[in-house]
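To start, the structure under review is shown below, and the notes come after it.
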Amino acid sequence: MRSVKRGDRADNKSGDKMKEPQSEAKVESTQKLPLNNNTSPTFCVAMLKNGSTLKLEGDVHEFLPTLKEADFAWINVQVSDLKEEGMKVASILGFKPSIIQELASQRFSGYDDHTTELGLLLPAVRVTELEVEINKLMILIKSNIVVTIHGEHVTRLVKFARYAVTFFKKVPKNLDDVDKISLVLVRILDENNERNFDGIRSIQEQGEEISKYLIETTKFREELGKDIYKMKHALISYLEALWASLDVVHYLRYGDAELITDDPIILQKVGMLSTDLTRQISISEQMSTVLASGLEVLQSIYNNQLQMLNNRLAAVVLWLTVLGTAVLVPNTIATIFGVAPIAEHVEWHTIVWVIVLSTVVAVLIVYWFVKKKGILPKV
């Protein structure tokens with residue numbers, strides 16, 4: 001599906017260079033209603049029955065007259081409450097509010113087929129450093145209309161909107177309505193998947209930063225363990241979103257629903273979406289395996305440091321034991337010289353020399369014995 005997107009952009013750029021303003025005005029008309037000096041996140045892109053394309057920005061009610069004259073259309077609506085406001089939007093556009101209620105009750109993905117109406121729920125992933133935010137993207141399909149409903153944090157479709165008019169003009173006019181709508185749906189799914197795939201790049205960049213800490217011997221130990229845990233948690237959340245997207249694509253790839261085409265060429269595009277998702281899942285799982293190895297390495301480092309500390313403590317205890325054992329000899333001699341009859345016949349400086357020499361000899365003998373037996377631990 002990436003080749004399709006690059007084609008759209010290339011054709012858009014070349015077309016802008018070659019078209020004159022007068023001819024462009026005949027083919028396409030765009031009405032923009034600014035909202036707080038920014039592009040409105042609620043808009044409608046339509047291919048009219050007379051062959052011209054139209055883009056409107058504003059309120060959903062303003063799109064209704066255009067839908068009556070449209071051959072096929074895409075409406076994007078941003079809401080603050082998916083369930084409550086989403087049901088109102090669905091009702092205005094002629095959909096059953098129960099579809100929104102059913103999709104909103106699902107966690108990340110959903111598929112609700114009412115024969116004449118089809119509802120899809122997809123995850124829209126946004127990764128900030130190691131924080132993975134999964135938002136809901138609802139897609140409603142009916143006859144010749146595709147409606148996307150999402151929250152304030154989903155901006156990917158607003159960015160894609162500037163290419164939507166060009167894409168609509170490339171849809172062959174001789175296709176059936178279901179084929180046209182399916183092409184629009186595949187393009188929206190592809191755009192959502194591509195933006196989701198950007199998340200793995202962010203996680204990889206953070207992983208590169210974390211890997212620098214592994215060469216440190218003393219610093220960032222506490223932060224490193226927490227960061228690796230956060231990265232693994234981010235990967236698990238990201239994988240969960242990819243699997244949810246793949247579930248929805250699997251529902252579409254055979255064209256079983258009445259509102260999904262059974263044209264093999266278009267279904268092949270759906271198959272390409274599935275292939276892209278499978279590849280991204282494989283990459284994420286490989287990263288998860290690498291992270292698991294990193295955690296094992298980190299645990300080994302901690303174990304080695306703990307073992308080194310234990311060896312140091314054992315060495316201290318052993319040296320204290322050696323000294324204590326060595327002191328026993330002069331202590332015994334001093335006790336003997338402390339007996340009154342002996343002390344009266346031996347001069348004090350002789351006693352001192354005997355105690356000092358016996359201490360030195362005892363220490364040397366004990367050290368030699370410990371070293372020969374290999375009792376002293378290596379630090």
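The values are calculated or read from the model by the stated rules, or taken from the named source; none is laboratory data. It should be emphasised that the depicted structure is a prediction, and the values quoted were computed from it without experimental measurement. Please note: Cβ atoms are built from the backbone with ideal geometry, for glycine as well, and neighbour counts cover all protein chains shown.
Residues of region 226-274 that are of a type in the set (Val, Ile, Thr) and within 29 Å of Asp179 (Cβ to Cβ): Val248, Val249, Ile260, Thr261, Ile265, Ile266, Val270.
Among the residues making up region 231-242, a single one is out of contact with any helix residue (DSSP H, G or I) (no Cβ under 7 Å at 6 or more places or on another chain) and hydrophobic (A, V, I, L, M, F, W, C): Ile236.
Which one of Leu56, Leu33 is more than 18 Å from Ser182 (Cα to Cα), at pLDDT below 90 and aliphatic (A, V, I, L, M)?
Only one candidate passes the filter, namely Leu33.
Conditions (1) modelled with pLDDT under 90; (2) assigned by TED's automatic domain parsing to the domain that holds Tyr111; (3) of a type outside the set (Ser, Thr, Tyr); (4) part of a helix (DSSP H, G or I), marked per residue:
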{"residue": "Ile149", "(1), (2), (3), (4)": "no, yes, yes, no"}
{"residue": "Phe160", "(1), (2), (3), (4)": "yes, yes, yes, yes"}
{"residue": "Ile200", "(1), (2), (3), (4)": "yes, yes, yes, yes"}
{"residue": "Ile215", "(1), (2), (3), (4)": "yes, yes, yes, no"}
{"residue": "Lys230", "(1), (2), (3), (4)": "yes, yes, yes, yes"}
{"residue": "Ser245", "(1), (2), (3), (4)": "no, yes, no, yes"}
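The set of residues in region 47-91 that are out of contact with any helix residue (DSSP H, G or I) (no Cβ under 6 Å at 6 or more places or on another chain), assigned to a strand (DSSP E or B) and of a type in the set (S, T, N, Q) contains only Gln78.
Screening region 114-135 for residues that are farther than 18 Å from Lys226 by Cβ and of a type in the set (Asp, Glu) and picking the one that is surrounded by the most Cβ atoms within 10 Å (Cβ to Cβ) gives Glu117. Residue count for region 92-141 under the criterion of being more than 27 Å from the chain's Cα centre (by Cα) and touching a residue at least 24 places away in the same chain (Cβ under 8 Å): the result is 11.
Would you mind telling me which numbered condition in (1) modelled with pLDDT under 90; (2) surrounded by fewer than 13 Cβ atoms within 10 Å (Cβ to Cβ) His61 fails? Status for His61: all satisfied but (1). Ile301 falls short on exactly one of the conditions (1) of a type in the set (A, V, I, L, M); (2) modelled with pLDDT under 80; (3) under 30 Å from Ala241 (Cβ atoms); (4) surrounded by 13 or more Cβ atoms within 10 Å (Cβ to Cβ), and that condition is (3). For region 91-100, the condition holds for at least one residue, the condition being that it is in the same structural domain as Asp179 (by TED's automatic domain parsing), under 30 Å from Tyr238 (Cβ atoms) and not aromatic (Phe, Trp, Tyr).
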